[in-house]
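For reference, the structure is listed below as structure tokens.
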Amino acid sequence: MRMVDLILKKRNGQALSKDEIEFMINNYVIGEIPDYQMSAFTMAVCFNGMDNNEVSYLTHAMAFSGDTVDLSAIRGVKVDKHSSGGVGDKTSLIVLPLVASIGVPVAKMSGRGLGHTGGTLDKLEAINGFKIELSNDDFINNVNEIGIALVGQTSNLVPADKKLYGLRDATGTVESIPLIASSIMSKKIASGADAIVLDVKVGAGAFMKNINDARELAEIMVSIGNNLNRKTVAILSNMNEPLGYEVGNANEIKEVVDVLKGKGEAKLTELCLELASNMAVLGGKYTNKAEAHQELNESISTGKALEKFKEFVLAQGGNVDFINDYKLLPQAKEHISITSENDGYISSINAEEIGIAAMLLGAGRKVKTDNIDYAVGITICKKTGEQVKKGDVIAIIHSNGQHTDSIAKTKAAFEIQTSMPTVDPIIYDVIQ
Ligand code: URA
């Protein structure tokens, strides 16, 4: 087999076979196929796409290109959750202890964030003492004993994706739906998931800016999961405005606890309950989502979900005193209020602009080697659809230094109009 023939085949709009795709990925990972040939191939995929079988073959070949995680020592159906990424997205930290509290085992590997704010691991490290490294035995024991563990990804998980992602980034081929779908799903499959719930975000602060592209991505990922015997559900959710009130790291941890205490912002809570209900059904705990939803709601109102979060933090070395005293989380030195310049209604809050403003404060990384300042971030005090009066505080910037650009960006992110706007739902659709 010759790579040039596979490039020609894709360039001419033909579908590749399983053997051809395996040949290509295996040889690319070991350096037998050079980057220039792979970049010609990815560009051909950008123009001609891939059918559902090809994307499944590609995902499978990528998933098994390096180490895979064996979760068979954990009892029960292991359901993973993935978010395509957004601003203020702390759902994993709410949903995972929540489902664990009703007996769905959570054995999760997460990544660090590159962009607006830290990823799930970075946010957890805002908690004093929290360790994201566990030995394999401790990881499995924690899940079997308390139902939940969350660790950093092993370094040789899906090397094909690491190589391909870097190449796509440098060759203008990131925005290809089959390539995005195989990149995401290969990591879930290599991480040992039996079933997968995907949160595909749509809007200003998301990778997918419009609902049609997001739906196409979600449908392909669900089809890959089902082709590879992993039951998969995708939720299409709104990422036009930041999710919840907090954007940052320590302040997002505080909001996680607020939701688990039953005091969360309504849309954030609604999305978490939808994600968790789907996980509970895929995990075989319930046959219908309404029952799962009710039990999860009860778990919040009775304090069971918060108790599970505490157990999880303690088991990974974290100090839980902050749960009753948020001042024990890292605190910024300055808190600058942004006020409304007019009377009216908030008609939009551009999530991407808020995300960049938070990153400029130090809440996220511009490049992989940047350090994160856990204490800084932005609190959104008024959400889309709310009425405001001139002078009302609409956002607070938590800063440890340079903040001029963040103030300007945060102000510019808010649009205020005189009439009541129509407010989009948080959940657009569920695809299965
Ligand atoms: N996230 C991924 O993991 N891969 C992509 O290609 C895009 C987003």
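The values are calculated or read from the model by the stated rules, or taken from the named source; none is laboratory data. Treat the numbers as computed from the prediction; the structure is a model and nothing was measured. Cβ sites come from the backbone with ideal geometry, for glycine too, and all protein chains shown count toward neighbours.
Evaluating Ser101 against the criteria (1) more than 16 Å from the ligand (Cβ to nearest atom); (2) among the small types (Gly, Ala, Ser); (3) touching a strand residue (DSSP E or B) at 6+ places or on another chain (Cβ under 8 Å); (4) over 24 Å from Val202 (Cβ atoms) leaves one unmet condition, (3). Confirm whether Ile94 is over 26 Å from Lys18 (Cα atoms), in contact with a Phe, Trp or Tyr (Cβ under 9 Å, 6 or more places away or on another chain) and in contact (Cβ under 8 Å) with a residue 24 or more places away in the chain. Yes. Here Asp122 passes the criteria (1) assigned to a helix (DSSP H, G or I); (2) surrounded by 23 or more Cβ atoms within 10 Å (Cβ to Cβ); (3) assigned by TED's automatic domain parsing to the domain that holds Lys263 except the one numbered (2). Checked against the criteria, Leu271 does not count as within 20 Å of Lys231 (Cβ to Cβ), crowded, with 18+ Cβ neighbours inside 10 Å and among the hydrophobic types (A, V, I, L, M, F, W, C). Restricting attention to the range 114-146, the residues that are within 17 Å of Leu157 (Cα to Cα) and not aromatic (Phe, Trp, Tyr) total 6. Exactly one residue out of Asn251, Asn319, Asn278 is in a loop (DSSP other than H, G, I, E, B) and in contact (Cβ under 8 Å) with a residue 40 or more places away in the chain, and it is Asn319.
Only one entry of Ser84, Ser110 meets the criterion of being assigned by TED's automatic domain parsing to the domain that holds Pro242, free of Cβ contacts under 8 Å to residues at least 60 places away in the same chain and more than 23 Å from Lys261 (Cα to Cα), and that entry is Ser110. Summed over the range 409-425, residues that are of a type in the set (A, V, I, L, M, F, W, C) and loosely packed, with under 14 Cβ neighbours inside 10 Å total 2. Of all residues in the range 344-383, how many are part of a loop (DSSP other than H, G, I, E, B) and in contact with a strand residue (DSSP E or B) (Cβ under 7 Å, 6 or more places away or on another chain)? Of the residues in the range 344-383, 8 are part of a loop (DSSP other than H, G, I, E, B) and in contact with a strand residue (DSSP E or B) (Cβ under 7 Å, 6 or more places away or on another chain).
Exactly one residue out of Ile140, Ile132, Ile102 is surrounded by fewer than 24 Cβ atoms within 10 Å (Cβ to Cβ), closer than 19 Å to Ser72 by Cβ and touching a residue at least 60 places away in the same chain (Cβ under 8 Å), and it is Ile140. One residue stands out in the range 192-207 among those that are within 12 Å of the ligand (Cβ to nearest atom) and surrounded by 23 or more Cβ atoms within 10 Å (Cβ to Cβ): the one that is farthest from Asp51 (Cα to Cα), namely Ala206. Residue check: Lys162 meets all listed conditions (1) basic (Lys, Arg); (2) outside any helix (DSSP H, G or I); (3) within 16 Å of the ligand (Cβ to nearest atom) but one, namely (2).
Note on the range 292-340: residues that are in contact with a His (Cβ under 8 Å, 6 or more places away or on another chain) and surrounded by 19 or more Cβ atoms within 10 Å (Cβ to Cβ) total 1.
Do the conditions hold for Lys409, that is, is it closer than 19 Å to Ala206 by Cβ and more than 21 Å from the chain's Cα centre (by Cα)? So Lys409 passes the test. The residues of the range 168-191 that are in a helix (DSSP H, G or I), of a type outside the set (Val, Ile, Thr) and more than 11 Å from the ligand (Cβ to nearest atom), listed by number, are Ala170, Ala190.
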